[in-house]
Amino acid sequence: MKIQFLGAAGEVTGSRHSMEVTLAGKVRHFMVDYGMFQGGREATNKNLESLPFSPKELDFVVLTHAHIDHSGLLPRLCAQGFDGPIYCTPATYELLKILLLDSAHLQRADVERAERKQKAGKWRGELPVALYSREEVEVTLTRFEVVEYGKRIELVPGIHLEFRNAGHILGSAIAVMDIAEDGSQSKRCVFSGDIGMKGKVLMPDPDLVKSADVVVVESTYGDRLHRSLQETEDELVEVIVSTMDAHGNVVMPAFAVGRTQEILFLLIDLVRRKRLPHLSIWVDSPMATAATHLTQHFFKELDGQSQVTFEWYKQNPNAVDLRFIADVEESKALNKVKGGAIIISASGMCDAGRIVHHLEANLPRAQNAIVITGFQAYGSLGRRLVDKARKVRLFGEEVAVRASIHTIGGLSAHADQAGLLEWLRGFEQAPKTVFVVHGEPESSSVLAESIRQELHWKNVIIPERLHTYQC
């Protein structure tokens, strides 16, 4: 059995794991996740790279969840010749109908905007590239087969799959794969996908898996501990209250799927508990709006406290002035609001979407606050803000950063180091091999060493991108 890491090795984005096994004398080749690299020109170049094999060789793809860094290149894979099934949970499939179509739309819009600016002599640097079209997304969506949590299915003779709840976002899954390879005993491979934070807002705790021969585990926050939910709430309340008192706006870049809904539930719950006064919240992301409605549809998959909060809000709808912005003109008008607004908009790393326009309008004003609630990949606009850039380039123009920048890590949808180790302790025996992926070098290195020292597991590997490993 061979595994090759085509992405998320030495970095957080671009999750793509290629597996080859021999079953009944036939080589089976499949992928776990097929995500987009994110964060600057280097990421674009990686997204445009050819695979080291033909997509037509793949038997199937297993998808752990809907986030673009795990799913975002599936339309490109299908356009290049892959025509097998893609397995995911029902909620993931419903989210992909929103996310992938939005991704294609944003790519096309970015190209058209850049071309207009270039013709007007207002664009510097290389033009963006559209990786796939809306039509290619539509074709890709016909390839999916949904699998409920806890249901064990045979993908091909000798390979079985079961999804467990990863507690990361709606529909997120841990992929448990049992492979009866020729000439050896059956091997269990467990792909963590993205593991959620235990006890966090909205999602249930991640499921534990008792046994595995090979584990591929994420390490996004493998080198740090998140603040407690109490500390996170305290900091968020302080930022919002002080900004409202200064007659400023709070702008929150947020991933449309998962993070936006978590923030909404937390803000409503803080109002419910009288920790915050009446709020005016604008959600400016068509995708986030659709994902929020979808969250209501999968109500029973939420954690108990979020169900209580949602029921309270239905009975007290005037406690929060919550508006979902639909059209572009309404979005533009929001930039004329100079104070008293909480604006939640995508994309979460600030590289595309309506959030860029809101940052352009709000960054230059010192009374405003920008609240970063999620991971910001190296090279992204969000990362430059976190790293205290005094100026950023938006739409080809320099924009001064005078607004205060706040990073609130306790809202992360990813488990921290303690959470990852707790999840790994669920295995009753040490796996034969552990691959630590989906983290920047320091995060992966620290987590790998923690696994060796605290769990006493010996064969812990930080894979290199494009390298192949025998399991």
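The values are calculated or read from the model by the stated rules, or taken from the named source; none is laboratory data. The structure presented is a predicted model; accordingly, all values stated were derived computationally and were not measured. Cβ sites come from the backbone with ideal geometry, for glycine too, and all protein chains shown count toward neighbours. Note: accessible area is taken over every heavy atom of the protein model, side chains too, but ligands, DNA and RNA are not part of it. Shrake-Rupley method; radii C 1.70, N 1.55, O 1.52, S 1.80 Å.
Values for this structure:
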{"quantity": "Of residues in the range 29-65 being acidic (Asp, Glu) and within 24 Å of the chain's Cα centre (by Cα), the one modelled with the highest pLDDT", "calculated": "33"}
{"quantity": "Test set (1) open to solvent by less than 10 Å² (accessible area, probe 1.4 Å); (2) of a type in the set (Asp, Glu); (3) in a helix (DSSP H, G or I) - residue 42 fails condition number", "calculated": "(1)"}
{"quantity": "Selection from the range 148-193 of residues that are assigned to a loop (DSSP other than H, G, I, E, B) and buried (at least 23 other Cβ atoms within 10 Å of the Cβ)", "calculated": "166, 167, 168, 169, 170, 171, 172, 192, 193"}
{"quantity": "Set 2, 26: member being out of contact with any helix residue (DSSP H, G or I) (no Cβ under 9 Å at 6 or more places or on another chain), at pLDDT below 95 and of a type outside the set (A, V, I, L, M, F, W, C)", "calculated": "26"}
{"quantity": "Of all residues in the range 117-137 being touching a residue at least 12 places away in the same chain (Cβ under 8 Å) and not in a loop (DSSP other than H, G, I, E, B), the one that is least open to solvent (accessible area, probe 1.4 Å)", "calculated": "137"}
{"quantity": "Members of the range 296-327 that are among the hydrophobic types (A, V, I, L, M, F, W, C) and in contact (Cβ under 8 Å) with a residue 60 or more places away in the chain", "calculated": "298, 302"}
{"quantity": "Flag if residue 145 is outside any loop (DSSP other than H, G, I, E, B), open to solvent by 30 Å² or more (accessible area, probe 1.4 Å) and touching a residue at least 12 places away in the same chain (Cβ under 8 Å)", "calculated": "yes"}
{"quantity": "Residue check for residue 180: within 19 Å of the chain's Cα centre (by Cα) and in contact (Cβ under 8 Å) with a residue 60 or more places away in the chain", "calculated": "no"}
{"quantity": "Residue match in the range 302-312 (condition: touching a Leu at 6+ places or on another chain (Cβ under 7 Å), under 24 Å from residue 168 (Cβ atoms) and part of a helix (DSSP H, G or I))", "calculated": "yes"}
{"quantity": "Residue ID - surrounded by the fewest Cβ atoms within 10 Å (Cβ to Cβ), chosen from residues in the range 447-459 that are touching a Ser or Thr at 6+ places or on another chain (Cβ under 8 Å) and of a type outside the set (S, T, N, Q)", "calculated": "448"}
{"quantity": "Sole exception among (1) more than 18 Å from residue 259 (Cβ to Cβ); (2) under 15 Å from the mean Cα position of the chain (by Cα) for residue 102, by number", "calculated": "(1)"}
{"quantity": "Among (1) closer than 25 Å to residue 260 by Cβ; (2) open to solvent by 10 Å² or more (accessible area, probe 1.4 Å); (3) of a type in the set (Gly, Ala, Ser), the one test that residue 400 misses", "calculated": "(1)"}
{"quantity": "Output for the range 250-289, where each listed residue is of a type in the set (Gly, Ala, Ser) and in a loop (DSSP other than H, G, I, E, B)", "calculated": "254, 256, 258, 285"}
{"quantity": "Some residue of the range 450-471 being modelled with pLDDT of 95 or more, of a type in the set (A, V, I, L, M), assigned to a helix (DSSP H, G or I) and over 30 Å from residue 116 (Cα atoms)", "calculated": "yes"}
{"quantity": "Residue identified as in contact with a Ser or Thr (Cβ under 9 Å, 6 or more places away or on another chain) and closer than 27 Å to residue 42 by Cβ among 396, 382", "calculated": "382"}
{"quantity": "Of residues in the range 227-246 being hydroxyl-bearing (Ser, Thr, Tyr) and part of a helix (DSSP H, G or I), the one surrounded by the fewest Cβ atoms within 10 Å (Cβ to Cβ)", "calculated": "242"}
{"quantity": "Contacts under 6 angstrom Cβ, first residue in the range 416-442 being assigned to a helix (DSSP H, G or I) and crowded, with 16+ Cβ neighbours inside 10 Å, partner of a type in the set (Lys, Arg) and at pLDDT below 95, 6 or more apart", "calculated": "419/198"}
{"quantity": "Some residue of the range 89-106 being in contact (Cβ under 8 Å) with a residue 60 or more places away in the chain, of a type outside the set (Val, Ile, Thr) and over 30 Å from residue 176 (Cα atoms)", "calculated": "yes"}
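Residues are listed down the side, and each one gets a yes or a no for (1) touching a helix residue (DSSP H, G or I) at 6+ places or on another chain (Cβ under 7 Å); (2) open to solvent by 30 Å² or more (accessible area, probe 1.4 Å); (3) assigned to a loop (DSSP other than H, G, I, E, B):
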| site | (1), (2), (3) |
| --- | --- |
| 291 | yes, no, no |
| 366 | no, yes, yes |
| 378 | no, yes, yes |
| 382 | no, no, no |
